[in-house]
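**Q** Here it is: the structure, laid out below.
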């Protein structure tokens, strides 16, 4: 049975946590955030009963498009399941996160802009090269999300959604970059990232990029990187 969607999905919460509400700049490595949004979308679809995961492979179990347009597009990009063991018609979660990261990041940001949760600002680096940032239309909303996340950390992650969000925050190095929580909290989130399949897929891609020195810009030509 498909569960009703919350007001904000996991990828939306992660993105709003990661963006400075006033400057619209990512608080973590841009490419890592793309992976995080993609992984969060998969985890949200699992929470809503649309996909199932086993040993790092995902399958569509309910192809009916969810009401959320972003999640509907993500679900539509996943292959239909086939009979057999994982891998026979399933999708490698880690590979999908890597391939779909930029696509998922752009779609999620655009969705929040259309909903007037974020606004798009175009700036120019050195007066020449255009780049975009996405500050919050209502910074109080982003601050409330941060407060809820802090409360979840203080309560030691009591619910599945909170644990998944914390795992994804750790997987993209957001907690460390933003200076959230103490060392004990960050170790706890790191353990959650190891146990959560979607966060683990994200972290494996982050680790791969680190080893190769690849820390590419967020959303390519629509990058939110750069300084005013």
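The values are calculated or read from the model by the stated rules, or taken from the named source; none is laboratory data. This is a predicted model, so every value here is computed, not measured. Note: ideal-geometry Cβ built from the backbone for every residue, glycine included; neighbour counts use all protein chains shown.
**Q** What is the one condition in (1) at pLDDT 95 or above; (2) part of a helix (DSSP H, G or I); (3) touching a helix residue (DSSP H, G or I) at 6+ places or on another chain (Cβ under 9 Å) that residue 72 does not satisfy?
**A** Going through the list (1) at pLDDT 95 or above; (2) part of a helix (DSSP H, G or I); (3) touching a helix residue (DSSP H, G or I) at 6+ places or on another chain (Cβ under 9 Å), residue 72 breaks only (3).
**Q** Somewhere in region 39-48, is a residue assigned to a loop (DSSP other than H, G, I, E, B) and within 21 Å of residue 160 (Cα to Cα)?
**A** yes
**Q** I need every pair where a residue in region 30-58 that is free of Cβ contacts under 8 Å to residues at least 24 places away in the same chain has its Cβ under 8 Å from the Cβ of a residue that is surrounded by fewer than 24 Cβ atoms within 10 Å (Cβ to Cβ) and outside any helix (DSSP H, G or I), sequence separation at least 6 or different chains.
**A** Once the first residue is free of Cβ contacts under 8 Å to residues at least 24 places away in the same chain and sits in region 30-58, its partners that are surrounded by fewer than 24 Cβ atoms within 10 Å (Cβ to Cβ) and outside any helix (DSSP H, G or I) give 52/59; 52/61.
**Q** Sort out which residues of region 110-137 are in contact with a helix residue (DSSP H, G or I) (Cβ under 7 Å, 6 or more places away or on another chain) and either loosely packed, with under 13 Cβ neighbours inside 10 Å or not in a loop (DSSP other than H, G, I, E, B) (or both), and write them in order of number.
**A** Of everything in region 110-137, those that are in contact with a helix residue (DSSP H, G or I) (Cβ under 7 Å, 6 or more places away or on another chain) and either loosely packed, with under 13 Cβ neighbours inside 10 Å or not in a loop (DSSP other than H, G, I, E, B) (or both) turn out to be 111, 112, 118, 132, 136.
**Q** List every residue pair whose Cβ atoms sit under 6 Å apart, with the two residues 6 or more apart in sequence or on different chains, where the first one lies in region 138-151 and is at positive phi and in a helix (DSSP H, G or I) and the second, anywhere, is modelled with pLDDT under 90 and exposed (fewer than 12 other Cβ atoms within 10 Å of the Cβ).
**A** Listed by first residue and then by second, the contacts come to nothing, as the list is empty.
**Q** Filter region 173-211 for residues that are outside any helix (DSSP H, G or I) and within 14 Å of the chain's Cα centre (by Cα); which is modelled with the highest pLDDT?
**A** Of region 173-211, the ones outside any helix (DSSP H, G or I) are 173, 179-182, 196.
Narrowing further to those that are within 14 Å of the chain's Cα centre (by Cα): 173, 196.
Details: 173: 92, 196: 98.
My answer is 196.
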